[in-house]
1. For the range 297-307, what does the Karplus curve 6.51 cos²θ - 1.76 cosθ + 1.60, with θ = phi - 60°, yield as ³J(HN,Hα) per residue in whole Hz, taken in order and with x for Gly and Pro?
2. If each of Glu196 and Asn128 carries a label point 7 Å out from its Cα toward its Cβ, how far apart are those two points in nm?
3. How do the peptides 181-193, 72-84 rank, highest first, by the average count of neighbouring beta carbon atoms within 10 Å per residue?
4. Residues with amide H under 5 Å of Ile4's amide H, sequence separation 5 or more or different chain, H placed in the peptide plane at 1.01 Å from N; which?
5. Hey, can you grab everything whose amide H is under 5 Å from the amide H of Gly39? Only 5+ residues off in sequence or another chain; H modelled, so Pro and N-termini drop out.
6. Restricting things to alpha carbons, find the Rg to Rh ratio for the range 34-115 using the Kirkwood radius for Rh.
7. Could you tell me which of the pairs Lys174/Lys368; Lys113/Lys200; Lys182/Lys384; Lys184/Lys384; Lys18/Lys331 are separated by over 19 angstrom between their Cα atoms in the structure shown?
8. What is the gain in length, in nm to one decimal, between Ala332 and Asn50 on full extension, counting 0.36 nm per residue of separation less the C-alpha to C-alpha distance?
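FYI, it's all coordinate maths here, none of it is from the lab. Please read these numbers as outputs of a predicted model, since none were measured by experiment. For neighbour counting, all protein chains shown are included, and Cβ atoms are generated from backbone atoms with ideal geometry for every residue, glycine included.
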Amino acid sequence: MKKIVISGQIGYEVTAEKIRNRMNEAAGDNLDVKLSSPGGFVFDGLEIYNLFSEYRREYPQSQLFLTLMGDASSMASYIATNPAFDIVRAENNAVFMMHNPYGVTIGDYRDMKKSTDMLSGLSKILSNSYATRAKMTPAEAQKLMDAETWYFGDEIKTAGFADEMIEVSDKQEKTAALSHAKLKFENLLDKMRESEKSKKDISRAAAMIPVQTEPKANDKPKIEPQPDTEPTKNEPSKSSVTVEDPPPAANGDNNKEVPMDIKEIQDKHPELYAELLKAGKDTEMQRIKDVKAQSLPGHEALIEQFVLDGKTTGAEAATAIIKAENELQAKAMSELAKNKPVDGANPPDPKLKEDQIDLNTPIETRAKAEWDKSKEIRAEFFDKFEIYLSFRKNEEAGNTKLLGGVK
């Protein structure tokens, strides 16, 4: 059995590329998936969700087990509802949260309308998966998402999102666990709001979902087969489609259909030609807009290439950009590893011992010293020392557990 750990923020520490690599290593083995995440970007979450679905389709004989550890909020909870998992277990101090996807939109009322439609469509996709896992209706799941619903411990199983519970020795008190989970989620939202990636997230996610389009007015009408009877002389045809008699063929075969070229359409049917021209222009403009929506800093040349090739769709551009970005990051990490200092090259400064806090002093005193010293701590706990003190007391008592990827 191959273990896959999903720990951290989706789209940051947790990427589809890392999950895909682990699945490639598994190559049909059973999967033991450990999940602890406050959520993250919708596009990345959908891609990871789809990876597990694809693994199930490719290796139907394998078994997939999922364990919720600590926190499964937002897109992490959506991943947990994937029917590809045979068994979902939750630790009895875990937190599970479901809500509607968020998006950042800049533009006029048309852009806002498009964003609203995309968010609404994505919400339906998410609510269907929640409903399937918990055996409820999509409407019931949507109400829970609208309310931003939080579950703790056994509540996750009672709600239908877990099949089994796992007892852990360091179980937290519910209020403390939810407070800590909400802090991590709010910190993640602040981080995402400042990211340029947020402006493209929803459009990229929507591009992954196939859309059924209604036939356009200028689509070729469907001609129903007619009975094998000849119409009475001078009786008009019952077909609603009028077709001009084709010109005689050079070889005398009038039964062959002679297609019109674009020049003939322009000359004989100028209105149809104008509609086709406009439709083609609108389609190409929309394609270019969708491609440009996938832009990421550092990949401008690739986007320009897709714009000019006249065929790459927004979804295809998004996939290519993600691949290019992953390759760029892998190269950067490789270069960083090459330049990593040798162990012992920078020995610790002995002066740091002077800043250490006596562990025998009361927790209130130590927490206050940590609070005053660290801007990062104050930012993480929204400048509310009482919340940080409560967290430190729980941590001191062994009532919290920090998982990899959570800072």
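1. Values, residue by residue: x, x, 10, 5, 5, 5, 4, 4, 4, 5, 4 Hz.
2. About 3.4 nm, to one decimal.
3. On the way: 181-193: 16.8, 72-84: 25.0.
Highest-to-lowest ranking by the protection proxy: 72-84, 181-193.
4. It is Asp32, Val33, Lys34, by chain and number.
5. It is Ile10, Ser73, Ala76, by chain and number.
6. For the range 34-115, the value is 1.09.
7. On the way: Lys174/Lys368 24 Å; Lys113/Lys200 16 Å; Lys182/Lys384 14 Å; Lys184/Lys384 14 Å; Lys18/Lys331 15 Å.
Checking Cα-Cα distances, Lys174/Lys368 exceed 19 Å.
8. On the way: separation 282, 0.36 × 282 = 101.52 nm, distance 2.71 nm.
Length gained between Ala332 and Asn50: 98.8 nm.
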